[in-house]
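The next block holds one structure in the form of structure tokens; read it before the comments.
Values quoted throughout were computed directly from the atomic coordinates according to the rules given, and no laboratory measurement underlies them. This structure is a prediction, so every number in the text was calculated from the model and none was measured. When we count neighbours, we look across all protein chains shown, and the Cβ atoms used for this are built from the backbone with ideal geometry, even at glycine.
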Amino acid sequence: MRSCWVIYNGSLTHDKFKDQAILIKEAAERSGVRSVIKMNYEVLMDLETAFEERPDFVVFLDKDTLLARFLKNAGIPIFNDPDVIETCDNKAKQYLELAKHGIPMPKTIIAPKIYPSFTIKDSGYYEKILLALGLPMIIKEGHGSFGMRVYLIETKEEFHEKVDELRGVDYVFQQFIETSRGRDIRVNIVGNDIVAAMYRSSETDFRANITNGGVAEVIELTEEQKTLAIQAAHAVGAEFAGVDLLFGEKETPLVCEVNAAAHIRNIYNVTGINVADAMIAYILRQLA
Ligand SMILES: Nc1ncnc2c1ncn2[C@@H]1O[C@H](COP(=O)(O)OP(=O)(O)O)[C@@H](O)[C@H]1O
Ligand SMILES: [Mg+2]
């Protein structure tokens, strides 16, 4: 009998992380795979002792990229691959990949590295950014989920305050897509297939994230939306992806971001599709 580990981050106490792991574990067991849920800190990354416990594969739901790499180095197949988790974990990094592949997205400028005790506020750099993107604009931290580190900047004062606050942090400046205010699409992809999609909208916030007050409904994707979502997932090398799409001019789709460990509970509740089954079926095909 095959075996797998489903790894999530044990320092995150919210139930939704464990719930995500349970959905995957149950899908694995439905396919006859013995499955153990592990919190990241339950795997000791001891570099001296040979790593002996070995499942046939790992579904990695966390962003502990060092652990993902540790397991990969031990020769265990990991889904997604640690390189993908690393790319997607940093939005600046993933936008570099998306741009390299010519993926349509909002105009994006990656902020330069500023050491926290220093500043470039008198260099003229920030004026150039204001000129290039105008206001309102989006500032988005490299690491962040559930809309929590995405900011809509409406005034110059807010802009200067935020860039000052973000010294030492990876982030990007991004064109605000007004036509997509409070609405987006989440597309879950497994391999080359779109497994499920939902339309998310919020009456109260520019961000459509459900955790942030958005509501979701089933959506029938256009061919253009389907093609772009798959291209975006492939651009970052993701086998499993939750791609967020924005609505540009005339509803033209733009890629907002690609999530490597997309949550699947909400989309299950909304569409009745359990993405976990597709994920496990995909892995078993890859390992066959
Ligand atoms: N450039 C943008 N223009 C308009 N809305 C945006 C833009 N970027 C993000 N958003 C909104 O903010 C939400 C969160 O942004 P996202 O990049 O997906 O970060 P997170 O990882 O926190 O979900 C998106 O779902 C979308 O509703
Ligand atoms: Mg998102």
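Across the range 23-165, the relative contact order, built from alpha-carbon pairs under 8 Å that are at least six residues apart, equals 14 percent.
Towards the positive end of the charge dipole of the range 93-251, with charges on Cβ (+1 Lys, Arg; -1 Asp, Glu), say which of 236, 104, 145 has the farthest Cα. Going by the Cα projections, it comes out as 236. For the range 3-86, the convex hull drawn through the C-alpha positions has a volume of 84 cubic angstrom per residue.
Taking Cα centre as origin and charging only the Cβ of basic (Lys, Arg, +1) and acidic (Asp, Glu, -1) residues, the dipole magnitude of the chain rounds to 200 debye.
Each semi-axis of the equivalent ellipsoid for the range 179-287 is √(5λ) with λ an eigenvalue of the Cα gyration tensor; in descending order they amount to 23, 16, 11 Å.
Note that the range 114-127 has calculated 3J(HN,Hα) couplings of 10, 6, x, 8, 10, 8, 10, 5, 9, 7, x, 4, 5, 5 Hz, one per residue in order, obtained from phi through the Karplus relation 6.51 cos²θ - 1.76 cosθ + 1.60 (θ = phi - 60°); glycine and proline are x.
Using only Cα atoms, locate the centre of the range 9-50 and the centre of the range 179-234, then give the distance between them in Å, rounded to an integer. With the range 9-50 and the range 179-234 each reduced to a Cα centre, they are spaced 27 Å.
When the chain is treated as a Gaussian network with alpha carbon springs shorter than 10 Å, the biggest mean-square fluctuation among 208, 92, 74 belongs to 74. Judged by the gyration tensor of its Cα atoms, with axes a ≥ b ≥ c, the range 1-41 is oblate; a/c meets the 1.5 cut and b/c is at least as large as a/b.
For the chain, the Kirkwood hydrodynamic radius from C-alpha pairs, put into Stokes-Einstein at 10 °C and a viscosity of 1.306 mPa s, yields a diffusion coefficient of 80 µm² per second. GNM on the chain, alpha-carbon springs under 10 angstrom: the most fluctuating residue among 266, 73, 212 is 73. Based on the Kirkwood approach, the hydrodynamic radius assigned to the range 108-176 is 12.1 Å, with every pair of different Cα atoms included.
Its relative contact order, with pairs defined as Cα atoms under 8 Å and 6+ residues apart, puts the chain at 18 percent.
Each Lys and Arg Cβ is given +1 and each Asp and Glu Cβ -1; about its Cα centre, the range 3-86 then shows a dipole of about 240 debye.
Find which of 3, 23, 41 sits farthest along the positive direction of the dipole of the range 1-53, computed with +1 on the beta-carbon of Lys and Arg, -1 on that of Asp and Glu, about the Cα centre. Going by the charge dipole, the pick is 23.
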